[in-house]
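Just below is one structure, and these are the notes that go with it.
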Amino acid sequence: MSASSLLLFRHAIKFHSIRQFHITSRVFQQRYYTKKHEWVQMIDNKNEVRIGISDFAQNALGDVVYCELPSVGTKLNRDETFATLESVKAVADCFMPLDGKISKVNENLKTQADLINKSPYKDGWIVQAIIEEKNKNNMENILMNEEKYKEYLEKNKNAADH
Amino acid sequence: MQSILRGGNRVLISRSTNVYTNLALERYLAENIKHQPKTRLLLLWRNKPCVVIGRYQNPFIECDIKDLGEKQIDLARRYSGGGTCYHDLGNLNITVLTTREDYNRKKNLQWITSTVNKAFNLTLYVTDRDDIFLDAYKVTGSASRLERLYAYHHFTLLINADLNELRRSLKSNDRRHITSKATSSVPSSVLNLSDRNNSITYEKTIELLIKNFFEWNNEKNTSNYDYIDPLLYYEQIKNFENELKSEKFLHQATPPFVYTIEYKKQKIEMFVTNGIITSIKGDDIIIEKQNLLGKLFHVVYDNIKKINTNSLSK
């Protein structure tokens with residue numbers, strides 16, 4: 001190839017790689033669950049996680065009509081309330097699966113609270129938080145993975161319904 | 001003092017008829033009792049005339065605040081969700097407090113309906129909104145609060161309340177001015193139990209529920225019930241009571257809303273968040289004159305109403 005077309009070719013490849021990087025940059029890992037039916041999921045390989053409630057929880061709650069969300073920057077410990085949801089059945093708190101600092105809240109929930117019911121694992125995510133390295137590596141031990149959570153649900157099937 | 005917080009199957013009847021005191025007592029017990037799995041605490045209480053709105057409701061939508069003030073009817077926001085209700089001494093409040101795992105609204109409501117039906121020869125039934133109806137009339141509305149270690153389900157039971165006052169108090173002329181995502185009430189026609197069986201009284205109902213509660217829980221200790229005077233626990237409950245009484249909680253916990261008025265055929269929109277008017281869209285002259293921006297909505301509410309009225313009379 002001529003020098004100029006080689007230059008153009010190089011540019012094209014660069015451009016193409018950058019585009020690819022953007023498309024695949026958001027990698028969601030597997031979810032881990034708490035006994036209170038919250039889920040937490042790593043975003044990329046950084047120290048940021050996404051948090052929401054499970055399908056079981058949204059079903060038990062009923063249609064969510066209002067979400068009270070935390071302010072970005074709030075530091076919360078594991079088991080502290082990060083959001084309060086009102087459904088037709090109850091006002092219920094959601095509890096942090098891990099210590100973390102809120103980095104983002106799902107603004108869509110302000111006008112579409114029922115995204116939590118319609119899409120509890122995707123569009124109905126509630127907050128994002130920055131967590132510590134040590135907790136990131138410890139999730140498998142302190143929380144339940146998908147399989148263990150399924151077992152947990154089976155075992156508690158006969159527990160009080162909502 | 002400490003024994004009030006013991007766990008187990010128990011009944012407590014509040015001697016207070018102050019809505020703020022009773023709501024504070026309920027929360028204090030919920031947060032501090034050592035809840036034992038598979039047991040229930042039953043709290044029975046009633047209030048002097050008052051209107052109680054749900055945690056995420058807007059008082060301007062649900063009632064006429066000025067009117068309530070003039071009639072000396074208290075207005076309170078509770079910690080649980082749900083809609084607005086009117087209480088007076090003919091309306092029994094029932095709270096079932098358990099561990100979070102044992103929370104079960106249906107069971108509570110089924111217990112009430114079967115107990116009351118059997119004793120008073122009625123045909124109450126539970127709806128899927130967790131209301132209790134008698135024919136086409138509502139006699140019970142439910143609300144709940146779920147926390148990490150405990151949960152409570154409380155509901156009302158219309159025994160012989162002043163239904164006319166109820167209807168008058170749950171009216172608002174401001175609904176059409178307000179746009180918001182606050183929880184809306186679902187109005188229903190109501191009925192007193194005593195309208196169907198005039199031998200039913202508040203005292204008889206309490207007696208019945210206390211007796212039956214222990215049976216329901218297979219509890220041998222049937223004398224585990226106490227009348228409680230919340231005044232004796234004033235120190236413990238005063239923080240909750242002060243919060244419930246505060247204008248801050250009543251007005252600033254309202255979800256964001258837009259209040260729209262018309263002035264000289266122009267629409268003026270006021271955006272209220274956390275009780276404060278954060279922005280106004282519309283006639284600039286009005287904004288300057290009235291100096292409303294940044295003010296607490298409920299404090300300048302009367303001035304706003306005057307603007308609207310003036311424009312109508314012109």
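The values are calculated or read from the model by the stated rules, or taken from the named source; none is laboratory data. All values derive from a computational prediction rather than experimental measurement. FYI the Cβ positions are ideal-geometry reconstructions off the backbone, even for glycines, and counts take in every protein chain you see.
Brief remarks on what is shown
- For A:LYS134, the conditions (1) surrounded by fewer than 23 Cβ atoms within 10 Å (Cβ to Cβ); (2) touching a Leu at 6+ places or on another chain (Cβ under 8 Å) all hold with the exception of (2).
- Within the range A:127-147, the set of residues being touching a residue at least 24 places away in the same chain (Cβ under 8 Å) and more than 14 Å from A:ILE43 (Cβ to Cβ) comprises A:GLU132, A:GLU133, A:ASN135, A:GLU140, A:ILE142, A:LEU143, A:MET144, A:ASN145, A:GLU146.
- If you go through the range A:29-51 and keep only what is more than 14 Å from chain B (Cβ to nearest Cβ), in contact (Cβ under 8 Å) with a residue 60 or more places away in the chain and more than 12 Å from A:TYR121 (Cα to Cα), you end up with A:MET42, A:ILE43, A:ASN47, A:GLU48, A:VAL49.
- Considered as a group, the residues in the range B:125-150 that are within 30 Å of A:ASP79 (Cα to Cα) and in contact with a helix residue (DSSP H, G or I) (Cβ under 8 Å, 6 or more places away or on another chain) include one that is farthest from the other protein chains (Cβ to nearest Cβ), and that residue is B:TYR150.
- Looking at the range B:138-252, the strands (runs of 3 or more DSSP E) lying wholly inside it that each contain 2 or more residues that are within 30 Å of B:GLU262 (Cα to Cα) sit at B:178-180.
- Within the range A:33-69, being hydrophobic (A, V, I, L, M, F, W, C) and assigned to a strand (DSSP E or B) holds for A:TRP39, A:VAL40, A:MET42, A:ILE43, A:VAL49, A:ILE51, A:ILE53, A:VAL64, A:VAL65, A:CYS67.
- Conditions (1) away from chain A (no Cβ under 14 Å); (2) of a type in the set (A, V, I, L, M, F, W, C); (3) in a strand (DSSP E or B); number of the one not met by B:LEU122: (3)
- Taken together, A:PRO97, A:PRO120 contain a single residue that is part of a loop (DSSP other than H, G, I, E, B), more than 14 Å from every other protein chain (Cβ to nearest Cβ), touching a strand residue (DSSP E or B) at 6+ places or on another chain (Cβ under 9 Å) and under 15 Å from A:ALA57 (Cβ atoms), which is A:PRO120.
- Every test in (1) touching a residue at least 40 places away in the same chain (Cβ under 8 Å); (2) assigned to a loop (DSSP other than H, G, I, E, B); (3) outside the structural domain of B:THR113 (by the TED database) is passed by B:ILE261 save one, and that test is (2).
- Breaking point among (1) within 22 Å of B:SER184 (Cβ to Cβ); (2) modelled with pLDDT of 95 or more; (3) of a type in the set (Gly, Ala, Ser), for B:ALA30: (1)
- All of B:VAL139, B:VAL51, B:VAL116, B:VAL96 fail the test of being under 14 Å from the mean Cα position of the chain (by Cα) and surrounded by 21 or more Cβ atoms within 10 Å (Cβ to Cβ), apart from B:VAL51.
- A single entry from B:ASN121, B:ASN117, B:ASN164, B:ASN160 fulfils the requirement of being among the polar types (S, T, N, Q) and farther than 17 Å from B:ILE200 by Cα: B:ASN164.
- So B:ASP74, is it acidic (Asp, Glu), out of contact with any strand residue (DSSP E or B) (no Cβ under 7 Å at 6 or more places or on another chain) and at pLDDT 95 or above: no
- Scanning the range A:70-94 for residues that are in a loop (DSSP other than H, G, I, E, B) and of a type in the set (Gly, Ala, Ser), we see that the one that is nearest to the other protein chains (Cβ to nearest Cβ) is A:ALA90.
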